[in-house]
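Undergrad: Sharing a structure here in structure tokens format.
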Amino acid sequence: RRGRLYTLSKKIAEGAMNVPGVDVEIFRVEDVEDETSDRFAEEVLQVPIITPDRLKECDGFILGSPGRQGHPCAQVTNFLDGLAKEQHTGTLVGKVAGAFTSTGGVGRGHGGHEHILQNFHSTFLQYGMVVTGVPPHPVMDSADLASPYGVCMGGEAGSGSRGLEEAEASLAFEQGRHVAAIAKTVQKVKIFVIFFTRRGRLYTLSKKIAEGAMNVPGVDVEIFRVEDVEDETSDRFAEEVLQVPIITPDRLKECDGFILGSPGRQGHPCAQVTNFLDGLAKEQHTGTLVGKVAGAFPSTGGVGRGHGGHEHILQNFHSTFLQYGMVVAGVPPSPLMDTAPLASPYGVCMGGEAGSGSRGLEEAEASLAFEQGRHVAAIAKTVQKVKIFVIFF
């Protein structure tokens with residue numbers, strides 16, 4: 001009420017914001033009694049109130065409560081009891097959670113802070129959340145009430161928003177940073193690998209790229225194909241290609257990045273893929289693709305395709321992706337580029353005769369395809385935004 005945990009909340013939020021790609025919001029738990037300015041510090045009343053439905057927006061939260069004789073206060077307990085719907089629907093499963101507390105003074109009790117923090121942890125685990133505390137830190141040797149379970153602020157009841165001691169501030173900052181960093185690590189990222197092919201050559205390459213993306217922890221991958229502008233019949237398409245689901249523009253909002261493949265047509269992407277990209281006008285207008293990561297891969301060779309021109313095709317894709325506000329990724333430098341056919345930092349390319357179907361990849365091609373998938377997925381994990389809520393009473 002008087003602002004002590006609000007002071008701690010701001011320092012925790014500062015630590016979380018220190019992690020790149022993390023947005024932080026601070027909320028307070030509503031009182032079960034009347035909220036009047038004679039009972040609350042004015043700055044506390046200015047903080048927005050948290051409601052259970054808002055928790056679906058965050059990737060993790062850090063919850064603080066003053067101690068009441070070794071237990072969380074009634075207001076915070078009441079808030080947690082109100083999360084039955086979120087528990088039933090699994091809204092909180094996989095999100096990261098931490099806790100912090102304050103103790104001391106008449107009506108609060110001294111000590112008991114680790115019991116309070118472990119009480120929170122048990123509750124978070126009931127919701128299927130990932131629980132974290134404060135990582136080992138030399139400051140724990142000097143901070144009052146230091147604990148690996150969470151930060152605790154001591155002091156007399158009613159002491160209001162007293163300044164934090166240096167050690168308390170350092171541990172609060174570290175707890176915020178730690179929770180946010182873990183949220184970034186466990187946050188799921190989805191990558192789409194999209195291609196057009198008839199006989200299966202780029203499907204072979206797509207599977208190897210997808211394998212590389214799946215090698216990054218926390219990344220889910222789906223493979224799609226672009227629909228043909230002509231009839232799709234089994235005499236024109238390999239059976240395994242027809243089994244791959246067709247991508248539609250509205251599905252792109254589900255992914256955090258995609259890698260798009262097209263056979264070359266005289267130094268340009270094929271009509272089918274060009275047609276797909278031309279159909280993304282709505283996504284460009286609404287900003288659906290802004291900030292997502294994109295990469296590309298082609299195949300060249302044979303009558304009707306043309307030899308070479310693969311870097312022109314890749315740069316054509318990159319120019320288009322930048323029009324959508326996307327982040328473009330290629331293939332990182334690798335010694336394999338000295339030996340792989342058609343190697344390029346702009347994207348993997350598979351050469352061969354037209355109609356050669358799903359021939360096996362050469363070892364260098366396969367390695368670069370794997371690396372391209374891994375690289376795009378890793379960048380998507382890095383640029384992915386994470387939202388952390390710091391909540392207190």
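The values are calculated or read from the model by the stated rules, or taken from the named source; none is laboratory data. It should be emphasised that the depicted structure is a prediction, and the values quoted were computed from it without experimental measurement. Counting neighbours? That spans all protein chains shown, and the Cβs are built from the backbone with ideal geometry, glycine included.
Undergrad: When you go through (1) of a type outside the set (Lys, Arg); (2) within 21 Å of ASP144 (Cα to Cα); (3) more than 27 Å from the chain's Cα centre (by Cα) one by one for ASN78, which number turns out not to apply?
TA: (2)
Undergrad: Continuing with this model, one more query. Looking at ALA213, ALA271 in this structure, which one is under 29 Å from GLY287 (Cβ atoms), within 18 Å of the chain's Cα centre (by Cα) and in the same structural domain as THR300 (by TED's automatic domain parsing)?
TA: Within the list ALA213, ALA271, the selection yields ALA213.
Undergrad: Next question, about the same structure. Find all pairs meeting these conditions: Cβ atoms under 8 angstrom apart; at least six residues apart or on different chains; first residue within region 282-295 and loosely packed, with under 12 Cβ neighbours inside 10 Å; second residue polar (S, T, N, Q) and part of a loop (DSSP other than H, G, I, E, B).
TA: LYS282/THR288
Undergrad: Further question on the same structure: Just wondering, is there one or more residues in region 229-237 that are at pLDDT 85 or above and not hydroxyl-bearing (Ser, Thr, Tyr)?
TA: No.
Undergrad: For LEU252, state whether it is out of contact with any Cys (no Cβ under 7 Å at 6 or more places or on another chain) and within 12 Å of TYR324 (Cβ to Cβ).
TA: yes
Undergrad: Let me ask you something else. Go through LEU63, LEU55 for me and flag whichever is modelled with pLDDT of 95 or more, surrounded by fewer than 20 Cβ atoms within 10 Å (Cβ to Cβ) and within 18 Å of SER9 (Cα to Cα).
TA: Answer to the check: LEU55.
Undergrad: Answer yes if at least one residue in region 178-196 is touching a Cys at 6+ places or on another chain (Cβ under 8 Å), in contact (Cβ under 8 Å) with a residue 40 or more places away in the chain, of a type in the set (Lys, Arg) and closer than 30 Å to GLY128 by Cβ, and no otherwise.
TA: For region 178-196, residues touching a Cys at 6+ places or on another chain (Cβ under 8 Å), in contact (Cβ under 8 Å) with a residue 40 or more places away in the chain, of a type in the set (Lys, Arg) and closer than 30 Å to GLY128 by Cβ: present.
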